1. Which of (1) farther than 22 Å from Arg374 by Cβ; (2) within 13 Å of the ligand (Cβ to nearest atom) is the odd one out, the single condition Leu423 does not satisfy?
2. In this structure, does Ala302 turn out to be within 14 Å of the ligand (Cβ to nearest atom) and in a helix (DSSP H, G or I)?
3. Show me the strands (runs of 3 or more DSSP E) entirely contained within region 167-207 in which 2 or more residues are within 28 Å of Val474 (Cα to Cα) and touching a helix residue (DSSP H, G or I) at 6+ places or on another chain (Cβ under 7 Å).
4. How many residues does region 433-456 contain that are more than 15 Å from the ligand (Cβ to nearest atom) and either of a type outside the set (Val, Ile, Thr) or at positive phi (or both)?
5. Please specify each residue of region 13-23 satisfying the condition of being in contact (Cβ under 8 Å) with a residue 24 or more places away in the chain and over 28 Å from the mean Cα position of the chain (by Cα).
6. Mind checking which residues of region 213-261 are of a type in the set (Val, Ile, Thr) and more than 25 Å from Gly309 (Cβ to Cβ)?
7. Considering (1) of a type in the set (Phe, Trp, Tyr); (2) more than 16 Å from the ligand (Cβ to nearest atom); (3) in contact (Cβ under 8 Å) with a residue 40 or more places away in the chain, say which one Trp394 fails and leave the rest.
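The values are calculated or read from the model by the stated rules, or taken from the named source; none is laboratory data. Treat the numbers as computed from the prediction; the structure is a model and nothing was measured. Here Cβ is always computed from backbone atoms with ideal geometry, including for glycine, and neighbour counts include all displayed protein chains.
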Amino acid sequence: MQEKVYEVPADWAKRAYVDEARYNEMYEASIRDPEAFWDEHGRRIDWFTPYEKVKNVSYAPGEVSIRWFEDGVTNVAYNCIDRHLETRGDQTAIIWEGDDPSESRLITYRELHDEVCRFANVLRNRGVEKGDRVTIYMPMIPEAAFAMLACARLGAIHSVVFGGFSPDSLAGRIEDCASKVVITADEGLRGGRKVPLKANVDAAIAKVGGVDHVVVVRRTGADVAMEPGRDVWYHEAAALVTSECPCEPMEAEDPLFILYTSGSTGKPKGVLHTTGGYLVYASMTHQYVFDYHDGDIFWCTADVGWVTGHSYILYGPLANGATTLMFEGVPNYPDNSRFWRVIDKHQVNIFYTAPTAIRALMQAGDEPVKKTSRTSLRLLGSVGEPINPEAWEWYYRVVGDGRCPIVDTWWQTETGGILISPLPGAIALKPGSATRPFFGIRPEIVDAEGKVLEGATEGNLCIADSWPGQMRTVYGDHQRFMDTYFSTYPGKYFTGDGCRRDADGYYWITGRVDDVINVSGHRMGTAEVESALVAHAKVSEAAVVGYPHDIKGQGIYAYVTLMAGVEPTEELRKELVQWVRKEIGPIASPDLVQFAPNLPKTRSGKIMRRILRKIAEDEFSNLGDTSTLADPSVVDDLIHNRQNKR
Ligand code: WTA
């Protein structure tokens, strides 16, 4: 296959922080002597007490322990706000663009300071202290950022739950980390549609209890139920407090946040990130990968409910004194030009979005893009799933007018920041490849037995050593942390992704190799969808797999065995889709449901997912070894009744 290569433009090599020679030099230094490298770069943030110890990490089986800068003391909110006040108090920190194109707001660093302090005081008045967990279930409004930074200021641990999750999913997350305080809004607003956030919080608390305070931000002005003694309007509480609140001194390894993410088995895991290393890594990757310079306008389109929003809307950019754009809406409302109009309106220089959005907009054609100017754009970014070369080319040619490099950034909730990505002034691009590792990152490709493969090869992607932004544990379950990430290949961090390395040392992520699927860039455990389905009274068994989907990357394909005597009807099919939406949230809606009187099983009763995956992918001729099936005729029936994708 002929590979296309886009060389680094000469002006980029000149203006960027690092060109190719400098990248090689810094990368080699970071691998040769990680202690010295991070000793230097850890000082990019301000420390109340500077660290003397840099790295203290063990990946040893049974005793995995990850500590960075452990004797340093700092505060994330101080670094994201207070340290900028003298030099950039009047600079815009956050540009907020509402769902409705007529609504926007600029917030300076000084205003951000005052808003965050007020929010912190409101929380403090409700007993929130260092180490307490606070659940944030918010739309994309500035108060979501204020609330996160207020927690960081007080040393409380925030757990942001994406506003698209159902009351049940929210309840599970509140319960798992024992949050006594929940922050929400009356309603969210996306694409002109309202999301009943406060009502969902009420339903979640009715299920799990244990919540003493609900702080409600007014967004739409909807009439919502307020429980006296428990619920308070944020604007009323904020009117009673001052805009001064000291920053809690935090040790580098004190927790900053929990973020729940799906794995191949069991309930979502509470990924725990801590203070010092996370901020160093998020800010450093933001600066180098996006080549962020003072005065640039940076826009990451993620939701703050995902790690991308944490690291690249909030913490990385603000630690760097950047101007960061926060968008409440969706790419196709009021029309398919929305992203590009926002870029023109706010003169965005760096734009970071997901392949699923690019593919959806590509289907709408070039015209909605071409009628906007986009001359402010300098760099484009992609994250969340592999970007197919066709979408890459469209993004490059049509959105970027062939002028803007694309950084395809590979990383995970667990990694805290970007691990593999081009640096735009240093690394030639190949469409579809995340290219080369960031400083300090040692990718290894291993075979099923854990043997490290050299040169051009393909296998499972591991990381051989630690980096400061790495997750530290699964909240409340360190054993699960070790089992999930460090037991498959002892001594290495296993990513769960498959990967190819080409002859130039470029990395190509091929997708998950476990039972996690990636739907529109959202991680979904197939086991979660299965357990939602079998919770339905008419379902006896379910198996869920991913299949290639033009826009979403992967779609959700559910094979469902009904209870004896239940009729498989179109109506029931729709009911099951609605059921999963209600149980988990709209992002988990199955795209296709196939009623399967029997599932392919081994003689010992294990479902053969490999076969189900192949059928869902239309690869009938290539089912592999079916000789271990208890009843091979099951497969013919499944193929015969396969659901169509269109
Ligand atoms: C996938 C999102 C290919 C990958 C930051 C990973 C990608 C999972 C890319 C993590 C990319 C993310 N190319 N695949 N540029 N970025 N992925 O935790 O499978 O929501 O393991 O973090 O998304 O998803 P998560």
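1. Going through the list (1) farther than 22 Å from Arg374 by Cβ; (2) within 13 Å of the ligand (Cβ to nearest atom), Leu423 breaks only (2).
2. Here the answer is no, as Ala302 does not meet what is asked.
3. Working: elements: 181-185, 188-190, 193-195.
Per the criteria, 181-185.
4. Final tally of qualifying residues: 13.
5. Across region 13-23, the qualifying residues are Ala13, Lys14, Arg15, Asp19, Glu20, Arg22.
6. So in region 213-261, the residues of a type in the set (Val, Ile, Thr) come out as 214-217, 220, 224, 232, 241-242, 258, 261.
Across region 213-261, the qualifying residues are Val232, Val241, Thr242.
7. (3)
Yes or no, residue by residue, for (1) crowded, with 17+ Cβ neighbours inside 10 Å; (2) in contact with a helix residue (DSSP H, G or I) (Cβ under 8 Å, 6 or more places away or on another chain); (3) touching a residue at least 40 places away in the same chain (Cβ under 8 Å); (4) under 20 Å from Val280 (Cβ atoms):
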{"residue": "Ala60", "(1), (2), (3), (4)": "no, no, yes, no"}
{"residue": "Ala77", "(1), (2), (3), (4)": "yes, yes, yes, yes"}
{"residue": "Leu85", "(1), (2), (3), (4)": "no, yes, no, no"}
{"residue": "Asp90", "(1), (2), (3), (4)": "no, yes, no, no"}
{"residue": "Ile94", "(1), (2), (3), (4)": "yes, yes, yes, no"}
{"residue": "Glu97", "(1), (2), (3), (4)": "yes, yes, yes, no"}
{"residue": "Ser102", "(1), (2), (3), (4)": "no, no, no, no"}
{"residue": "Arg105", "(1), (2), (3), (4)": "no, yes, no, no"}
